[in-house]
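The values are calculated or read from the model by the stated rules, or taken from the named source; none is laboratory data. If you're wondering where the values come from, they're calculated on a predicted model, not measured in any experiment. Neighbour counts are summed over all protein chains in view; Cβ atoms, including those assigned to glycine, are modelled from backbone coordinates with ideal geometry. The protein model used for the area step is the full one, side chains on, heavy atoms only, and it has no ligands, DNA or RNA in it. Shrake-Rupley method; radii C 1.70, N 1.55, O 1.52, S 1.80 Å.
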Amino acid sequence: STATIQVNSSVSGGTLSGGGTVCGGTNNGTLTLVGNSGQVIRWEMSANATFTPPMPIANTLTNLTYSNLTTTTYYRAVVGDGNCPTVFSTVAEVMVDAPSSAGTVTGASSSCITTANGGLTLSGQTGTFLRWERSTNSSFSPLTTLSPVNPLSYSETSTAFYRAVVQNGVCNAVN
């Protein structure tokens, strides 16, 4: 009589690449699993790095595409071979920056005298205040770039237009 002893090598979850930072709302990217041994059983995502609770994603490929994230999200792959217990890949974090918001500029005035003096104040913005832009027309062409001092003092002898430029993280700058 004979007996067969089968030894299964351990399963490796592999390494994820493709995480990073995106702008909230309209975004997309691909996570890629490499170095795994065994098959991808599924992917999981979570709002926290401890995956409590994990949300299963029905995908058995080594690539996962995400899109339109609005909050930071964590991903991992679940790998198995049918014999040994399943294991997890490394975790990929896709951080989400809130979209840039220019906020509100207050302090503009009209004047019937030869010189208008005052101060402009930016408030309520989301992101880094990059600069003021000034022009003699509402299309801002041409324009002059000014330092991001807040409030900004002005002294004008003719009509002028001002706007604040703000950028949050990897999101586009807005005004």
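Of all residue pairs spaced 6 or more apart or on separate chains, those with beta-carbon atoms under 7 Å, a first member in region 75-103 that is closer than 20 Å to Pro53 by Cβ and modelled with pLDDT of 95 or more and a second member that is open to solvent by less than 40 Å² (accessible area, probe 1.4 Å) and among the basic types (Lys, Arg) are Phe88/Arg76; Ser89/Arg76; Val91/Arg76.
Considering only residues that are under 15 Å from Leu16 (Cβ atoms) and of a type in the set (Gly, Ala, Ser), look in region 39-96 and name the one that is nearest to the chain's Cα centre (by Cα). Here the residue is Ala92.
Scanning region 1-17 for residues that are open to solvent by 50 Å² or more (accessible area, probe 1.4 Å) and assigned to a loop (DSSP other than H, G, I, E, B) yields Ser1, Thr2, Ala3, Thr4, Ile5, Gln6, Val7, Asn8, Ser9, Ser10. Inside region 67-97, residues that are closer than 30 Å to Asn175 by Cβ, open to solvent by less than 50 Å² (accessible area, probe 1.4 Å) and outside any strand (DSSP E or B) make up a count of 2.
Scanning region 98-117 for residues that are surrounded by 15 or more Cβ atoms within 10 Å (Cβ to Cβ) and assigned to a strand (DSSP E or B) turns up Val105, Ala116. Taken together, the residues in region 160-175 that are of a type in the set (A, V, I, L, M) and open to solvent by 40 Å² or more (accessible area, probe 1.4 Å) amount to 3. With the structure loaded, tell me whether Leu64 is in a loop (DSSP other than H, G, I, E, B), open to solvent by less than 70 Å² (accessible area, probe 1.4 Å), modelled with pLDDT of 95 or more and under 23 Å from Val96 (Cα atoms) or whether it fails that test. Judged against the criteria, Leu64 is not a match. Of all residues in region 141-172, those that are assigned to a loop (DSSP other than H, G, I, E, B), of a type outside the set (Gly, Ala, Ser) and in contact (Cβ under 8 Å) with a residue 40 or more places away in the chain total 6.
Scanning region 138-159 for residues that are surrounded by 14 or more Cβ atoms within 10 Å (Cβ to Cβ) and within 14 Å of Ser109 (Cα to Cα) yields Leu152, Tyr154, Glu156. Applying the selection to region 49-74, what residues are free of Cβ contacts under 8 Å to residues at least 24 places away in the same chain and either within 18 Å of Asn28 (Cα to Cα) or of a type in the set (A, V, I, L, M, F, W, C) (or both)? Within region 49-74, Met55, Ile57, Ala58, Asn59, Leu61 qualify. Considering each residue of region 18-46, count those that are in a loop (DSSP other than H, G, I, E, B) and either surrounded by 14 or more Cβ atoms within 10 Å (Cβ to Cβ) or without any contact (Cβ under 8 Å) to a residue 60 or more places away in the chain (or both), and give that number. The qualifying residues number 8.
Could you say whether any residue in region 130-138 is out of contact with any Pro (no Cβ under 8 Å at 6 or more places or on another chain), assigned to a loop (DSSP other than H, G, I, E, B), among the hydroxyl-bearing types (Ser, Thr, Tyr) and under 26 Å from Gly18 (Cβ atoms)? Scanning region 130-138, I find no residue that is out of contact with any Pro (no Cβ under 8 Å at 6 or more places or on another chain), assigned to a loop (DSSP other than H, G, I, E, B), among the hydroxyl-bearing types (Ser, Thr, Tyr) and under 26 Å from Gly18 (Cβ atoms), so the answer is no.
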